[in-house]
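Derivation of every value follows stated rules applied to the coordinates shown; laboratory data play no part. Keep in mind that this is a model prediction, so the values were computed, not measured. Reconstructed Cβ throughout: ideal geometry from the backbone, glycine too, with neighbour counts over all protein chains shown.
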Amino acid sequence: MHPRDQKQAVLHQLIQELDPLSLRDLLEKLGGGYAERSVRRWLAEMVEEGLVEKLGRKRGTRYQAIKRSSQRRAGMPSSCFGSESFRVIEQVRRPIYERMPVAYVEEWLDAYHPNVTFYISSHFRSQLHQAGKRSQQEDPAGTYAHQIFNRLLIDLSYNSSRLEGNTYSLLDTQRLVLKGESAEGKLDQEKIMILNHKEAIRYLVDAIPHLNITQEVICTLHYLLADGLVDAQFAGKIRDHGVRIAGSTYVPFEDPKRIEIQLRRIIEKALLIEDPYERSIFLLVHISYLQAFTDVNKRTARLSANIPLVMHNLVPLSFNDVEQEDYTSAMIAIYELNDVRPIIDLYIFSYMRTCAMYNSTVKTLGFDEVRVRYRSLRRALIRSIILDGLTGEALKEYITSQANQSVPEKDQSDFLIDVYEDLEYLDPSRIAGLGITVDQLEEWKKHY
């Protein structure tokens, strides 16, 4: 792993922590491959760069990432950006008259070779996989997204809309998405934007078992996101006119044939990318850069970037804790410089925060992953027990043999607890869907 990536990993680790860390604790969290002398030097450099704060002295020394609020007051980019990204952000935040007009660069896409070129380094891809994995490999695509569907609806609708300047609060968004209650004093366009996100996310999650990245899917996402916000003739359709990007000197393609050809090439390359996180960031970057639609391009890119994650039962990307100004600057770095470093930093920062937040949510809700995953198997097993009248040792042997055959060893203990718990509390109110009658249940209970 390149030292530059290791230094960035140190910063990302500190960003995730709520409390300051000692050097020893930091090294332990980072795992192997980090020399203490190097980490100490990088910390000193990040203190100089204003990214990290050093607290205490000698053995009591602790380190923490500079709080984003203090940086925001100072007008600086957030601490989620590494030093190289800071320099890029400084370039694109210069007055627009100091920046040269630039056109779409076809050679940039040409230079990307799937599974050879990588925007996200192997170290960070590994870190993302470790944090984002939520389901067994054999689970159907979209299993995890269905489990956290309401949370995903709220988070992604809120954050993606917020990045476009929508002023709905998180609570207002929740009320609108789940109950249909709109906030007083808000513009109709803001309500439509959020409800459009709801429909697009629902389409993505419901269709994911048989969904792939195609031009039709990208255009469908755009149609659902843009419906009522752009002229009907442009919703879900590749534009036939030029567009300009507010606050940027970038001039996208104007010829619809060239746009369509380039969109197809983006999709073809995306389909060849094996790693879901690399595929995700590739879609986010290049759909945003192409600007294939009259408007709502970044929203379309953000939802498209979630297709590989939902497909592989990984935590979706909700863009939590990303400041609008930082996101805009990262996008302009793509448009004007073809530089992905700022958006990579934002992606990793936000994704790791989202994973930690979803972990807390699952614990708060008492979500039982084993119980949900093996629900069908458990209910089929209980049905057989009742209909065959199994009790005593025969019942125990049957349950154990079924668990050994159908449940991975690491989940067997929890699965057995669930089965015996269901049998213990089984009554007429709990037999719906089991395919047994109350009389059959009562007859079995006489002998249980």
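So what is the 222 nm mean residue ellipticity for the chain from helices alone, if each DSSP H run of at least 4 adds -39500 (n - 2.57) and you divide by all residues, rounding to the nearest 500 deg cm²/dmol? Spell out each step's value before the answer.
Working: 23 runs with 270 residues, N = 448.
Result for the chain, helices only: -18500 deg cm²/dmol.
Say R0 is 22 Å: what FRET efficiency, to the nearest 0.05, do LEU171 and LEU229 get from their beta-carbon distance?
On the way: r = 23 Å, r/R0 = 1.05.
Plugging the Cβ-Cβ distance into 1/(1 + (r/R0)^6) gives 0.45.
Can you pull the one-decimal nm distance between simple spin-label points at GLU443 and ARG265, each 7 Å off the Cα toward Cβ?
Each label point lies 7 Å from its Cα, and together they span 7.1 nm.
What angle, in degrees between 0 and 90 and rounded to the nearest 10, separates the Cα long axis of helix 375-388 from the longest principal axis of the Cα atoms of the chain?
With rounding to tens, the tilt is 10 degrees.
Can you tell me the Rg and the Dmax, both Å, for the Cα atoms in region 392-434?
Reported Rg and Dmax, both Å: 11.5, 32.
In nm, give the distance between the simple-model label positions of HIS146 and SER122, each being 7 Å from the Cα along the Cα-to-Cβ direction.
It is 3.6 nm.
State log₁₀ I(q)/I(0) for region 369-445 at q = 0.17 Å⁻¹ as given by the Debye formula over alpha-carbon point scatterers of equal weight, solvent excluded.
-0.61
Any chance you could run the full-extension gain for LYS29 through VAL105? It's 0.36 nm times the residue separation minus the Cα-Cα distance, nm to one decimal.
Details: separation 76, 0.36 × 76 = 27.36 nm, distance 4.07 nm.
Length difference between fully extended and current span is 23.3 nm.
Given a Förster distance of 41 Å, report the FRET efficiency between ARG379 and ALA356 from their Cβ-Cβ distance, rounded to the nearest 0.05.
Details: r = 33 Å, r/R0 = 0.81.
Plugging the Cβ-Cβ distance into 1/(1 + (r/R0)^6) gives 0.80.
Would you mind putting 106-114, 382-390 in packing order, based on average other-beta-carbon counts within 10 Å, highest first? Before the final figure, lay out each step's value.
Values: 106-114: 12.8, 382-390: 16.8.
Sorting 106-114, 382-390 by mean packing, highest first, produces 382-390, 106-114.
Ranking request for peptides 209-220, 301-312: highest mean number of other beta-carbon atoms within 10 Å first, then the rest in descending order.
Highest-to-lowest ranking by the protection proxy: 301-312, 209-220.
Expressed as a whole number of Å, what is the distance separating the alpha-carbon centroids of region 172-221 and region 410-448?
39 Å
Provide the percentage of antiparallel DSSP beta bridges, counting only those with both residues in the chain; round to the nearest 5. Kindly include the intermediate steps, with their values, before the conclusion.
On the way: 6 of 10 bridges.
Close to 60 percent.
Distance in nm between label sites at GLN91 and GLU164, each 7 Å beyond Cα in the beta-carbon direction?
In this crude label model, GLN91 to GLU164 measures out at 2.9 nm.
Between 0 and 90 degrees, rounded to the nearest ten: what's the tilt of helix 409-424 against the longest Cα principal axis of the chain?
For helix 409-424, the angle is close to 50 degrees.
Over all pairs of distinct alpha carbons, what does the Kirkwood formula give as the hydrodynamic radius of region 89-225, in Å? Don't jump to the answer; show the numbers that get you there.
Numbers: mean 1/r = 0.0542 Å⁻¹.
Across region 89-225, the inverse of the average 1/r is 18.4 Å.
Could you order the peptides 186-194, 237-245 from most to least packed, using the average number of other C-beta atoms within 10 Å per residue? Could the numbers behind the result be given before it?
Numbers: 186-194: 16.4, 237-245: 14.6.
Packing proxy ranking, top to bottom: 186-194, 237-245.
Exceeding 28 Å between C-alpha atoms, which entries from my cross-link table qualify? They are LYS410/LYS445; LYS198/LYS257; LYS133/LYS186; LYS257/LYS298.
Details: LYS410/LYS445 31 Å; LYS198/LYS257 31 Å; LYS133/LYS186 38 Å; LYS257/LYS298 21 Å.
Distance filter (> 28 Å) returns LYS410/LYS445; LYS198/LYS257; LYS133/LYS186.
Mind checking which lysines have their C-alpha under 25 Å from LYS58, skipping anything on the same chain fewer than 8 residues away?
LYS58 reaches LYS7, LYS29, LYS67.
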